[in-house]
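All remarks here apply to the structure that follows.
The values are calculated or read from the model by the stated rules, or taken from the named source; none is laboratory data. All values reported here derive from a predicted model rather than from experimental measurement. Please note: Cβ atoms are built from the backbone with ideal geometry, for glycine as well, and neighbour counts cover all protein chains shown.
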């Protein structure tokens, strides 16, 4: 039950942060204490980033993505990562449903200011380099077996 509640809080916090922050402030203030991971594992954060690949003139090529992964992501998170291709959809401001190919990046890292700054730097760099309006960012606390 604690894990389920923590997951709900994490998702609510992420959604609240995306829609303006009002919910995020309330939920963060009510967050339950975190369960310990136990002797065989350590607490970490799992950060998942969703990078859209469509841009005003064309799309991000596989080569451009691989270079971004090598030069920006691996430099900041050299201990490892997972990437997969995805198809996303959302409702536009005009009410239409739009679709876009995406890259999903999963990182597991310590809960430190430096790691959070690295995630924010990745998002900023991707948005600037590939003319993106946004990058979806979700984070949850996890236990990693040692």
In the stretch 76-98, residues that are surrounded by 10 or more Cβ atoms within 10 Å (Cβ to Cβ) and at pLDDT 95 or above total 7
Please work out which one of (1) over 17 Å from the mean Cα position of the chain (by Cα); (2) part of a loop (DSSP other than H, G, I, E, B); (3) exposed (fewer than 14 other Cβ atoms within 10 Å of the Cβ) is the condition residue 37 fails and give its number. (3)
Mind checking which residues of the stretch 41-69 are touching a strand residue (DSSP E or B) at 6+ places or on another chain (Cβ under 6 Å), in a strand (DSSP E or B) and within 23 Å of residue 99 (Cβ to Cβ)? 48, 49, 50, 51, 52, 54
Is it the case that some residue within the stretch 121-137 is closer than 15 Å to residue 44 by Cα, assigned by TED's automatic domain parsing to the domain that holds residue 52 and modelled with pLDDT of 95 or more? no
